[in-house]
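Read the structure below first, then the notes.
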Amino acid sequence: MIGRENIRELEEKGEWRVSELNELKRKLAMSSRMLVNSGLVDYSGHISARIPGSDHLLILPHPVSRATVVADDMVVTDFEGKVIEGKYKAPSEVYMHARAYKARSDIQSVAHLHNHMVAVLSMVDKPFYPASSNPGAFFGPGPMPVYMDPALIRTIEQGDAVARALGKGDAVVLRGHGSMVVGQAIEWVFAACVDLEEAASRFYKASLLGPVRVYNEDETQQVMKGRRKDSVVQKIWDHNVAKTKLAGLMQGI
Ligand SMILES: [Zn+2]
């Protein structure tokens, strides 16, 4: 358990660095405000990060606006969704995050979005192929997996079911609700959130005009190579930091 009283002890043992924890909290606050500025979360929706080397995560609190949340507001929970530290409640859908980390040791960050175009596409009985536009190629070939149960994710069992629907992928669509996006770092997840909504928006518009020309396997691999790179992820991150600052939403993190 990582309580405030244990942090010094863990730091002395070299198991945990306070500076790293603070950096993750700051990046979560920044990315939350950037997701608001991009219209990908509203009053709900959240982003989290695994505390490296532990079975705990940092997540946005339930009641604080996603537009004004600060680093100190973050809540620590375990992988059963139980709050370990923090002055606020965890979001009611914390189980989605907790069980994704439990199922996938490779992921370091998770976002749950109420992304409008992805939710719109999920209402139609038609597969969504993100790899028909360059941003969508971030997700590789094939249609997006869909978790069909429209109920909110409020239990460990539901969280496990979402993680099963996600499989080994980068995102899963939640029917009529939004999506869950996972990745190797907060910056990667943020970039994937931006790309997923852009791909959904283009797919929707293209679908109105006629059959969509989905990238074949070779085309997808080619575009993916240029898209899934630290330099591209950093560019998307930096651009959104700048945009969110200009919007006046980056103060007092
Ligand atoms: Zn939700």
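Details
- Ignoring aspartates and glutamates fewer than eight residues from K102 along the same chain, the ones with Cα atoms less than 14 angstrom from its Cα are D55, D78, E80, E157, D160.
- Cα long-axis angle, helix 186-209 against the chain (0 to 90 degrees, to the nearest 10): 20 degrees
- Across K27/K229; K25/K87; K25/K243; K87/K229; K126/K229, pairs whose alpha-carbon gap is larger than 25 Å: K87/K229; K126/K229
- Sorted on the mean count of surrounding Cβ atoms within 10 Å across their residues, most packed first, peptides 125-132, 24-31 read 24-31, 125-132.
- With at most 15 neighbouring Cβ atoms within 10 Å, loop GluC sites (Glu not before Pro) (DSSP) excluded, longest segment of the chain: 81-253
- Here the chain is assigned +1 on the Cβ of each Lys and Arg and -1 on the Cβ of each Asp and Glu. Its dipole about the Cα centre then comes out at about 520 debye.
- Ranking of L21, L58 by count of other Cβ atoms within 10 Å, fewest first: L21, L58
- Considering helices alone, the calculated mean residue ellipticity of the chain at 222 nm is -14000 deg cm²/dmol, with DSSP H runs of length four and up weighted by -39500 (n - 2.57) and normalised per residue.
- Note on region 137-204: with charges restricted to the Cβ of Lys and Arg (+1) and Asp and Glu (-1), its dipole about the Cα centre is near 180 debye.
None of the figures in this text is laboratory data; all of them are computed from the coordinates on show. Computed from a predicted model, the values in this text were never measured in an experiment. Glycine gets a Cβ as well: all are built from the backbone with ideal geometry, and neighbour counts include every protein chain shown.
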